[in-house]
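Asks: Can you read through this structure? Questions will come right after.
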Amino acid sequence: MNTMKTTMAGLMAAAWIAGTALAGDANRIVVDGSTTVGPIAKAFAEHYMEKNPGVNVTVSESGSGNGAKSLVNAACDVATMSRPMKNSEKKAARDAGILPIEHVVAMDGIALAVHKSNPIADLTVEQIRDVYAGKIRRWSELGGPDQPIVAISRDTNSGTYECFETLVMNQQKMGEKVEYVGSNGAIRQRVMSTPGAIGYVGLAFTEGVKTVTVEGVEATPETVVAKEYPIARPLYMYTNGRPKAGTPLADFAGLSGTPEGKQMIADTGFVPLP
Amino acid sequence: MDGSARERGSLRLSRGTRRRQRLAAAAGQLFLLAVTSLSALAVFAIFYFIARDAIPFFRLEGFKEFFTSTRWYPSAEQAEFGALAIFVGSGLVTLGAALVAVPLGIAAAVCLSDVLPFSARQVVKPVIEMLAAIPSVAYGFFALVVLAPLLQRSGGPVLAAAAWIVGAPVAALLAFILSDLLADRFPERAQRRARWAFLILLGSGAVAALSVAGRALSGLEIPSGTNALNVSLILGIMALPTVVSVSEDALQAAGRELREGSYALGATRAETLLRTILPAARSGILAAVILGIMRAIGETMVVWMASGNASQIPEPWYNLLEPVRTLTATIAGDMGEADHVTGSARYHVLFAMALCLLTVSFLCNLGSEWVLRRTRRKAGG
Amino acid sequence: MSLPTRKILDRAFSGAGVLAIALMAAALLILLVPMFTRGSQAVFFRATVEHRRFLLEKFERGDRAAIEAEIQAAQAARAPVWRLVADFESRLAEGEAAGRGKYRKPLKELRNELRFLLGPEPGKPRPMLMRDQYGQTRLDMAQLGLERVLRREEWDYSDPTKGGIRILKPRAEDFEGTALAELFPYVEKNFARMLLPRRTVYWGFLTDESFDSHFFGGIWPEILGTFYLTLGTLLLAVPMGLIAAIYLTEYAKETRFLALLRTCINTLAGVPSIVFGLFGLAFFINVAHVSPSKSVLAGSMTLALMILPTVIRASEEAIKAVPRAYKEAALSLGAGRWHTVWNVILPAALPGILTGIVISMGRAAGETAPIIFTAAVSVGKPLAPWQTLTQPTPALSWNIYNLATEHEAVDLVRHVQYGLVLTLVCLVLLLNLLAIFLRARIARKMRN
């Protein structure tokens, strides 16, 4: 038993030393977090790597919660999140010796997407809530075709889910027939291929589906900027402390303020900050 | 122990080569033992580390809600962790997979071991191996991108066609047997005619029943193609190779003498297999079924991509056309929630699920091992 | 039961077995056919001039003079299109406000569709995102784009109790009576001249990096990532598995402890793959800190643990299959035990062991669940060998999931998804063929 432990410990120590020796290189930026912010992060990464060929930027899209966790564990340099960091997360970060600094990158509206064949054009927030709470089960109850509603939600670890929960559900719980998928792209795909479906997606994910107006307001970058569209939220990047000026990390995190960054944000379908 | 033995060996080096050699051999053997134990003890490490993160959940939330409630709201302010629907979902798709894999698998195994000639077997074996080799994510991709839209677009007709393909041979067979059994009650002279009469009667009845069922099925509308049926089919195909190869081994192990004895008594091949071989290979086949089921329970990517992930118990419970959520998909999809570091119930509940999975697979494994060992002992004695 | 019925029953019984096998083969076929037909289109397809422009600009690949001439020709064919649009717009600006309002939205849509098909308008600043810098590179997508330029999708919701009915409305109708109306016949007629489609074999799909989240380029980082993961897994699992197998077959005595060891190994074989993933996260990364976060190393360790039982079992079987006479001969010649194992038994068992290793390689390459939390990311550069110790990587299996469900434009990168699937399936099937071949060789050797 002892030998085993020693060998194992030895192996691990060796691996760990090798790991830490290599981990310190400043030429990589690890981005982890929200799939909503994913397109922005990937565009930034691409742009940044083209400008700075020596730097490797990796992007994981594993959900906002995962991003926060990675930052707290010092497992990533930038956590992308589609919701603000929770107090519990901030506290955990401080306990781990990490100071999360918030950068608001862009604004995003959560659009309600239905299949293109669906005649429904407008829903109120209350109707949406009832659909997702399972109180309204057929489109006919909303004046549409006699067809069951297939309500599709983001998985519970996503920031989009939590925003939807606060902005729409208002303390009500999701109905048990709601289907869960892992990403905006997946919701869009499901809605595109399912006549009875309804889903909620970020503004950048509305190609190929029909977005309904909410309380009479269409989800567009303009209405989001004007704060007319009711279901909108900011998107964030978090770093550990304010990155030192001139470092790759500072340049990367600051991209959203540059004209190129704003152009990329707009091109990926989000709303750049003025 | 190992290290100290080696040290001692080196100290006594001068005292004679024989002794040194023996010690070296012992040390080497100890090293081998250590490595072997290490790989075996990994299981305990897995149990330990999963349980270590699972127990806090039960301490925080208790057992009752987790196992009895269907309300799964892990992220709400007032979080609820009722996983019953998720257990049912896992069970349902596994049951569905077993319904596909077990009859098909056993039939194929029988065919492989007793019907097909050697040369045909050489062709079929690679097919099975390929089915086993295709990665689960490729199956999942197929389920999501090909099968789900197909079910949604023309699920009814597809199901009706499937009902005909499976139902027609079964019905024909049943009609033959029944008409024969019924005709046996008639006097000898009328038997032939009676058999034909019954056959036509039963056959047309079966065709009518099938076409009614087919029409009902083809009128079916499937609102969502990512559902338990889709996943069950794919998981069934994935479990097939395991069921086939393990039950084929069991059938082969039943031995030549049994078969020859039965043939000598005038039994046909079907009768030999049904009355003699299958009962003899019963426990081996049981083990095959258990192993196949384990494969289906533990599969992640297919269910994550194509089961719909709705945490509900279908209405009625056997309604395979409803989306369901399984343990594995919940772990994959929900993992990495924020409060990981602070140790929230949200994080630990996933480990609790993993612990349940682990326990089930452990029990299944013990079961199949026990069954197999019993067979071996029987075969040996 | 009568004899004929018994015969029929017998036939039916055989038939059921054959049917089961036929269904199995059919399932395999149904699975593989779309993968092969659609997957091969990632490499063999009809590429437009935009594809060649992309290759030239990004990799300096191809005959520069020829491609530039092609681009010139295509630009010349496109010029009237952009001119018509620009003229129409300037005339609209001069005209009355009512006309402006009427045509604003259709014009904007048309412009978007034209940009989707042909790439950015000449004379405008270069777009930031690569997907906006080029038109459609594949003919199949370009035809879709053409369809979208020519016809607008509209839905008839007049009967709200039924689903809407799709109507394809020619865009020409939107601009009827204006100068722009002639754009549509021009585009339709000169489609080929504007895009110059040509049959292309793009092996770069396997060896190029991806650009702009897989809209362009290939899958080299994924292939390399899978290669590293598999190699790392083998380096860790094979020595351990082999040692364990040697111990279990040659040294261990049948004690209770050994039975326990065997049960443990069997249990390890039955642990669901996602549980390995959780364990990898909880132990290798969170407790043992083999790397600061996800890394190829942590992923390989997790996968190694997963395939260990397969390696042990296969090696055990292979060693057991070595005829006893070999061992006895060696021992009687005075060779030591270890000597016998190393010089006699292992070489004889090698093909069998290799077969097991090759099969478990296939399994390691194809698994996804264990690397979700331990090794895989969706976008990253190809890694250098030493970076595998600390950095995560894209991998074939994970990126199939990622592109099929999480990508922002799932249906625009279908060919990449199928290409990834085909690559992975081919890799795994080739490994299995290798195993079958090895096994056949062993069988032949045994018979001789």
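The values are calculated or read from the model by the stated rules, or taken from the named source; none is laboratory data. Keep in mind it's a predicted model, so treat the numbers as computed, not measured. Cβ sites come from the backbone with ideal geometry, for glycine too, and all protein chains shown count toward neighbours. The protein model used for the area step is the full one, side chains on, heavy atoms only, and it has no ligands, DNA or RNA in it. Shrake-Rupley method; radii C 1.70, N 1.55, O 1.52, S 1.80 Å.
Asks: When the Kirkwood hydrodynamic radius is evaluated over all pairs of different C-alpha atoms of the range C:220-447, what value in angstrom, to one decimal, is obtained?
Replies: Kirkwood radius, the range C:220-447: 19.0 Å.
Asks: Using each residue's phi in the range C:136-151, evaluate 6.51 cos²θ - 1.76 cosθ + 1.60 at θ = phi - 60° and report the 3J(HN,Hα) Karplus result to the nearest Hz, with x for Gly and Pro.
Replies: So the J values, rounded to whole Hz, are 6, 8, 10, 4, 4, 5, 5, 5, 4, x, 4, 4, 6, 6, 6, 10.
Asks: For the protein assembly as shown, what is the mean residue ellipticity at 222 nm derived from helices alone (per DSSP H run of n ≥ 4: -39500 (n - 2.57); sum divided by total residues; nearest 500 deg cm²/dmol)?
Replies: -19500 deg cm²/dmol
Asks: First measure r as the distance between the Cβ atoms of B:Y48 and B:L363, then evaluate 1/(1 + (r/R0)^6) with R0 = 25 Å and state the FRET efficiency to the nearest 0.05.
Replies: For B:Y48 and B:L363, the calculated efficiency is 0.90.
Asks: Could you give the nm distance between label points at A:K227 and C:Q143, where each point is 7 Å from its Cα heading toward the beta carbon?
Replies: Reported label-point gap for A:K227 and C:Q143 is 5.1 nm.
Asks: Quick one: which residues, 5+ away or cross-chain, put their amide H under 5 Å from the amide H of A:A232? H built at 1.01 Å from N.
Replies: Long-range HN contacts for A:A232: A:I110.
Asks: Pick out, in residue order, every one of the chymotrypsin sites (Phe, Trp or Tyr not before Pro) in the range B:263-343 that is DSSP loop and has at most 15 other C-beta atoms within 10 Å; say none if there are none.
Replies: B:W317, B:Y318
Asks: Now, a different point. Name the residue from B:G203, B:A27, A:Q127 whose Cα lies farthest towards the positive end of the charge dipole of the protein assembly as shown, charges +1 on Cβ of Lys and Arg and -1 on Cβ of Asp and Glu.
Replies: Of the options given, the answer is B:A27.
Asks: Which lysines have a Cα less than 22 Å from the Cα of B:K64, not counting those fewer than 8 places away in the same chain?
Replies: Qualifying lysines at Cα under 22 Å: A:K173.
Asks: Set the Förster radius R0 to 35 Å, insert the Cβ-Cβ distance between B:A162 and C:K162 as r into 1/(1 + (r/R0)^6), and round the FRET efficiency to 0.05.
Replies: Working from the Cβ atoms, E equals 0.75.
Asks: If you take the accessible area of C alone, add that of B alone, and subtract the area of the pair, what total do you get in Å², probe 1.4 Å, to the nearest 100?
Replies: 7100
Asks: Please report Rg (one decimal) and Dmax (integer) in Å for the Cα set of chain C.
Replies: 30.7, 108
Asks: Sticking with this structure for a sec: Can you give the direction-averaged projected area of the convex hull of the alpha-carbon atoms in the range C:178-235, in nm²?
Replies: Quarter of the Cα hull surface area: 6.4 nm².
Asks: What FRET efficiency, computed as 1/(1 + (r/R0)^6) with R0 = 22 Å and r the Cβ-Cβ distance, is obtained for A:K86 and B:L60, rounded to the nearest 0.05?
Replies: Rounded to the nearest 0.05, the efficiency is 0.75.
Asks: Just the number please: accessible area per residue for the range C:363-448, 1.4 Å probe, all protein chains included, in Å².
Replies: For the range C:363-448, the per-residue accessible area is 33 Å².
Asks: Further, regarding this structure: Taking 0.36 nm per intervening residue step and subtracting the Cα-Cα distance, what contour gain separates A:Q172 from A:A250 on full extension?
Replies: Net length gain for the segment: 24.0 nm.
Asks: Pairs of alpha-carbon atoms within less than 8 angstrom and 6+ residues apart define the contacts here; what relative contact order does the range C:198-283 have, in percent?
Replies: 13
Asks: How many nm is it between the label spots at B:I177 and C:L430, if each spot is 7 Å from the Cα in line with the beta carbon?
Replies: The two pseudo-label positions are separated by 4.9 nm.
Asks: While we're here: Counting other Cβ atoms within 10 Å, which GluC sites (Glu not before Pro) in the range B:221-299 have at most 13 and lie in a DSSP loop?
Replies: Answer by residue number: B:E221.
Asks: Return the value, in Å² to the nearest 100, of accessible area buried between chains C and A (probe 1.4 Å, both sides summed).
Replies: Summing both sides, the interface buries roughly 4000 Å².
Asks: Same structure, new question: Give the relative contact order (percent, whole number) for chain B; include only Cα pairs under 8 Å separated by 6+ residues.
Replies: Result for chain B is 25 percent.
Asks: Could you look at the range C:52-202 and say what percent of its accessible area is carbon and sulfur, using a 1.4 Å probe and all protein chains?
Replies: Carbon and sulfur together cover 53 percent of it.
Asks: For the range A:120-181, just run the numbers: alpha carbon Rg, then divide by 2.2 N^0.38 Å, N being how many residues it has.
Replies: 1.09
Asks: Along the positive direction of the dipole of the range C:220-447 (beta-carbon charges: Lys, Arg +1; Asp, Glu -1; about the Cα centre), which of C:S300, C:I357, C:A245 reaches farthest?
Replies: My answer, from the dipole projection, is C:A245.
Asks: Taking all protein chains as present, what is the carbon and sulfur share of the accessible area of the range B:66-380, in % to the nearest whole number, probe 1.4 Å?
Replies: Looking at the range B:66-380 in its full context, I get 67 percent from C and S.
Asks: So how strong a dipole does the range A:61-203 carry about its Cα centre when Lys and Arg Cβ are +1 and Asp and Glu Cβ are -1, to the nearest 20 debye?
Replies: Roughly 160 debye for the range A:61-203.
Asks: How large is ³J(HN,Hα), in whole Hz, for each residue of the range C:34-51 in order, when computed from phi with the Karplus curve 6.51 cos²θ - 1.76 cosθ + 1.60 and θ = phi - 60°, using x for Gly and Pro?
Replies: x, 4, 6, 5, 7, x, 5, 5, 6, 9, 9, 7, 9, 9, 8, 4, 4, 5
Asks: Of A:Q189, A:Q263, A:Q171, which has the largest mean-square fluctuation in a 10 Å C-alpha GNM of chain A?
Replies: Top of the fluctuation ranking is A:Q171.
Asks: Next up: Near the amide H of C:W155, under 5 Å away, which other amide H atoms are found, from residues 5 or more places off or on another chain, if H is placed in the peptide plane?
Replies: C:I167
Asks: Sticking with this one: Just A:Y132, A:Y180, A:Y236 to compare: in a GNM of chain A, with alpha carbon springs under 10 Å, which one fluctuates most?
Replies: A:Y180
Asks: Just the number please: accessible area per residue for the range A:150-274, 1.4 Å probe, all protein chains included, in Å².
Replies: 35
Asks: Along the Cα-to-Cβ line of B:R20, 7 Å from the Cα, sits a label point; which residues in the range C:324-341 have backbone N less than 19 Å from it?
Replies: Only C:336-339 fall inside the zone, counting backbone N under 19 Å.
Asks: Report, by chain and number, residues whose modeled amide H sits under 5 Å from the one on C:F44, excluding near sequence neighbours (fewer than 5 apart, same chain).
Replies: It is C:Y202, by chain and number.
Asks: Remind me, relative contact order of the range B:224-381 in percent, using alpha carbon pairs under 8 angstrom and six or more residues apart?
Replies: Here the relative contact order equals 29 percent.
Asks: Straight-line reach from A:K244: which lysines fall under 26 Å, measuring Cα to Cα and dropping same-chain residues less than 8 apart?
Replies: A:K42, A:K51, A:K69, A:K86, A:K90, A:K91, A:K262, C:K294, C:K381
Asks: Against the longest alpha carbon principal axis of chain B, how many degrees, from 0 to 90 and to the nearest 10, is the axis of helix B:345-380 turned?
Replies: Roughly 70 degrees, rounded to the nearest 10.
Asks: Would you rank A:D267, A:D251 by solvent-accessible area, highest first, keeping every protein chain in place and using a 1.4 Å probe?
Replies: Most to least solvent-accessible, the answer reads A:D251, A:D267.
Asks: Roughly how many debye, to the nearest 20, is the charge dipole of chain A about its Cα centre, given +1 on each Lys and Arg Cβ, -1 on each Asp and Glu Cβ, and no other charges?
Replies: Once rounded to the nearest 20, the dipole reads 660 debye.
Asks: May I pose another question? Regarding chain B, what is the average projected area of its C-alpha convex hull, in nm²?
Replies: 29.7
Asks: If you plug each phi of the range A:248-259 into the Karplus form 6.51 cos²θ - 1.76 cosθ + 1.60 with θ = phi - 60°, what whole-Hz ³J(HN,Hα) values come out, in order, with x for Gly and Pro?
Replies: These are the phi-based 3J(HN,Hα) values: x, 4, 4, 4, 5, 5, x, 4, 5, x, 7, x Hz.
Asks: For the modelled label position 7 Å from the Cα of C:A98 along Cα-to-Cβ, which residues of the range C:174-199 have backbone nitrogen atoms closer than 19 Å?
Replies: Once the point is set 7 Å along Cα→Cβ of C:A98, C:174-179 turn out to lie under 19 Å by backbone N, inside the range C:174-199.
Asks: Is any residue of the range C:401-422 close enough, with backbone N under 20 Å, to a label point placed 7 angstrom from the Cα of C:F44 along the Cα-Cβ axis, and if so, which?
Replies: In the range C:401-422, the label zone of C:F44 (backbone N under 20 Å from the point 7 Å along Cα→Cβ) covers C:414-422.
Asks: Any chance you could give the angle, 0 to 90 degrees and rounded to 10, that helix B:84-110 forms with the longest Cα principal axis of chain B?
Replies: 70
Asks: Once you put a point 7 Å from the Cα of C:W342 and another 7 Å from the Cα of B:E260, both along the Cβ direction, what distance in nm separates them?
Replies: 4.8
Asks: Please report, in debye to the nearest 20, how large the charge dipole of the range C:141-222 is about its Cα centre when each Lys and Arg carries +1 at its beta carbon and each Asp and Glu carries -1 there.
Replies: For the range C:141-222, the charge dipole is close to 340 debye.
Asks: Shielding of B:224-231 by partners, i.e. mean partner chain Cβ atoms within 10 Å per residue?
Replies: Mean partner-chain Cβ count within 10 Å for B:224-231: 3.
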